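Heads up: the structure comes next, in structure tokens.
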Amino acid sequence: MEKFFNIKCRASGLIPDCAVIVATVRAIKMHGGGGVVVPGKPLPKEYTEENIELVKIGCCNLIKHIQNALKFGVNVVVAINKFKSDTMAEVDVIKSASIEAGAYDAVLANHWAEGGQGATDLASAVVRACDAVDRSNFKFLYEVDLSIKEKIEVISKEIYGADGVEYSELANSQISKYEESGFGTIPICMAKTQYSFSCNPAAKGVPKGFTITVREVRACVGAGFLYPICGDIMTIPGLSTRPGFYDVDIDVETGDVIGLF
């Protein structure tokens, strides 16, 4: 969301009307202190049984996301994706927390069970939020003429809630070279774990008292942004000039897939 607003909307001139934040009871329970989810293993029982207390504690993470969206001057709708083990008592806790945090609306979305019909209430809420917005309220989080470090620190403090930012020797050197080359006035695209506001993916909820560690800063000058590499995170490799899928085919005689590696 922050990247879309600060990079995409700035470059395109688009003015968004609404931000939809998708939440699930299970994700909120995880941020409330629920057990570790391990792929291939059964979920801890707190994720499949009613646990109001975990939901109440975990809503802090959702509230922070709502507050972040409101910084840009858009209306916020929370979509609560329901699964069969969720209870209405748990959903009601999320609805109340969302509205109290400033969301325009918080709506149950049951398309998992009901298909498109289960998302009609959500669609109606988004339409109402878009109709009610004052587009003149939209604003960016930072001005691009700030220094590279100033922009990184604004994002780190305002969006993630960090106390500050630490830079490696390599990152400091790269930032200096980018500014000397005239690339200091383009937006920032932070690359960090999606599992936490901090650089530590195990730090759930809304962590406090942490710093964002920038170990490297890379440039996508053609795309129009710099991207700091924060903590232990890997970026997705781009496609080569001749992607591997060109060599994937099916043998129509045998039905075998060929060219996979």
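The values are calculated or read from the model by the stated rules, or taken from the named source; none is laboratory data. Keep in mind that what you see is a predicted model, and the values were worked out from it rather than measured. FYI the Cβ positions are ideal-geometry reconstructions off the backbone, even for glycines, and counts take in every protein chain you see. Accessible surface is based on the protein model in full, side chains and every heavy atom, while ligands, DNA and RNA are left aside. Shrake-Rupley method; radii C 1.70, N 1.55, O 1.52, S 1.80 Å.
Quick rundown of the values:
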read-out	value
Filter result (touching a helix residue (DSSP H, G or I) at 6+ places or on another chain (Cβ under 7 Å), of a type outside the set (Val, Ile, Thr) and in a loop (DSSP other than H, G, I, E, B)) within the range 198-232	204, 205, 224
Count - residues of the range 154-177 that are hydroxyl-bearing (Ser, Thr, Tyr), open to solvent by less than 40 Å² (accessible area, probe 1.4 Å) and not in a helix (DSSP H, G or I)	2
Cβ-Cβ under 9 Å pairs, at least 6 apart or on other chains, the range 119-138 side within 21 Å of residue 5 (Cα to Cα), far side part of a helix (DSSP H, G or I)	138/5; 138/9
Residues within the range 72-111 that are open to solvent by less than 20 Å² (accessible area, probe 1.4 Å) and part of a helix (DSSP H, G or I), tallied	5
Cβ pairs under 7 Å, 6+ apart, first in the range 51-75 and farther than 24 Å from residue 14 by Cα, second at pLDDT 95 or above and surrounded by fewer than 17 Cβ atoms within 10 Å (Cβ to Cβ)	52/89; 54/33; 57/33
Near pairs, Cβ below 9 angstrom, 6+ apart or cross-chain, from the range 90-110 (at positive phi) to any residue that is open to solvent by 40 Å² or more (accessible area, probe 1.4 Å)	102/63; 102/67; 102/70
The lone exception for residue 151 - which of (1) outside any helix (DSSP H, G or I); (2) in contact (Cβ under 8 Å) with a residue 24 or more places away in the chain; (3) touching a Phe, Trp or Tyr at 6+ places or on another chain (Cβ under 8 Å) it fails	(1)
Hey, residue 183 open to solvent by 40 Å² or more (accessible area, probe 1.4 Å) and among the aromatic types (Phe, Trp, Tyr) or not	yes
Candidate set: the range 45-64, residues that are touching a helix residue (DSSP H, G or I) at 6+ places or on another chain (Cβ under 9 Å) and part of a loop (DSSP other than H, G, I, E, B); chosen: the one farthest from residue 101 (Cα to Cα)	48
Which numbered condition residue 204 misses (of (1) on the phi > 0 side of the Ramachandran plot; (2) open to solvent by 30 Å² or more (accessible area, probe 1.4 Å); (3) in contact (Cβ under 8 Å) with a residue 40 or more places away in the chain)	(1)
Residue identified as of a type outside the set (Lys, Arg) and closer than 30 Å to residue 222 by Cα among 80, 7, 57	7
In the range 30-39, the residues that are touching a helix residue (DSSP H, G or I) at 6+ places or on another chain (Cβ under 8 Å) and more than 16 Å from residue 80 (Cα to Cα)	32, 33, 34, 35, 37
Some residue of the range 122-143 being in contact with a Ser or Thr (Cβ under 6 Å, 6 or more places away or on another chain) and in a loop (DSSP other than H, G, I, E, B)	no
The range 235-250 residues that are over 24 Å from residue 191 (Cα atoms) and of a type in the set (Asp, Glu), paired with ones that are modelled with pLDDT of 80 or more and assigned to a strand (DSSP E or B) (beta carbon under 7 Å, 6 or more apart)	249/258
Members of the range 3-29 found to be crowded, with 20+ Cβ neighbours inside 10 Å, of a type in the set (A, V, I, L, M, F, W, C) and touching a helix residue (DSSP H, G or I) at 6+ places or on another chain (Cβ under 7 Å), listed by number	18, 19, 23, 25, 28
